[in-house]
Amino acid sequence: MEQTLSIIKPDAVKKGVIGKIIDRFESNGLRIAAMKKIQLDDEKAGGFYAEHKERPFFGELVSFMTSGPVVVMVLEGEDAIMKNRNLMGATNPKEAEAGTIRADFAESIDANAVHGSDSAQSAEREIKYFFSENEVL
Ligand code: ATP
Ligand code: MG
């Protein structure tokens, strides 16, 4: 069993598609091991995306991620990291395959509905970044 961190981003929360997105996970063998709705501030969002600090889009990324509440989750299942990335689709929704979360619920590369850990190493860091051990059940 593998665990991965998922975030439903502010655009998707505002649109009212939290339930539809969670259904994609549960219908595809990913169990919700932890979940909470939170408001990120600049420090928490910036620390989360620290790997992108030097990129030209970093400022916009942080302001988007703090523009409204997000839902953070730990998804658990066989091959959870890869499975979640496949369900999400490409970073740019315009390039995302039909039937993926980003193709169906996202508008732009900035407002792209969901985040998912991209490796075992980032999953471990990201889960710890949002959840203590006794919140992952
Ligand atoms: P995420 O980390 O949010 O799951 P990702 O792993 O598909 O997305 P990353 O390369 O990690 O993509 O980029 C993080 C976020 O930064 C993307 O979700 C996107 O919103 C934004 N981003 C990435 N590349 C660009 C770009 N070229 N222009 C604008 N925003 C970008
Ligand atoms: Mg990423």
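One line per residue, one yes/no per condition, for (1) open to solvent by 40 Å² or more (accessible area, probe 1.4 Å); (2) part of a helix (DSSP H, G or I):
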site: K44; (1), (2): yes, yes
site: L61; (1), (2): no, yes
site: S67; (1), (2): yes, no
site: V72; (1), (2): no, no
site: S108; (1), (2): no, no
Please find, within the range 74-98, the residue that is nearest to I8 (Cα to Cα) out of those that are part of a helix (DSSP H, G or I) and hydrophobic (A, V, I, L, M, F, W, C).
M88
I'm told A98 meets every condition in (1) without any contact (Cβ under 8 Å) to a residue 40 or more places away in the chain; (2) open to solvent by 50 Å² or more (accessible area, probe 1.4 Å); (3) aliphatic (A, V, I, L, M); (4) within 15 Å of ligand 2 (Cβ to nearest atom) except one. Can you identify the failing condition by its number?
(4)
Provide a single number: the residues in the range 14-36 that are among the hydrophobic types (A, V, I, L, M, F, W, C), surrounded by fewer than 19 Cβ atoms within 10 Å (Cβ to Cβ) and assigned to a helix (DSSP H, G or I).
2
Every residue from the range 91-112 that is more than 21 Å from D23 (Cβ to Cβ) and not β-branched (V, I, T):
N92, K94, E95, S108, D110
Residue set N84, N112, N92; condition within 14 Å of ligand 2 (Cβ to nearest atom) and without any contact (Cβ under 8 Å) to a residue 60 or more places away in the chain; output residue N92
So for the range 123-134 (the condition being outside any helix (DSSP H, G or I), within 18 Å of A12 (Cβ to Cβ) and among the small types (G, A, S)), does at least one residue qualify?
no
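The values are calculated or read from the model by the stated rules, or taken from the named source; none is laboratory data. Keep in mind that this is a model prediction, so the values were computed, not measured. Neighbour counts are summed over all protein chains in view; Cβ atoms, including those assigned to glycine, are modelled from backbone coordinates with ideal geometry. The accessibility values were calculated without ligands, DNA or RNA, using every heavy atom of the protein model including side chains. Shrake-Rupley method; radii C 1.70, N 1.55, O 1.52, S 1.80 Å.
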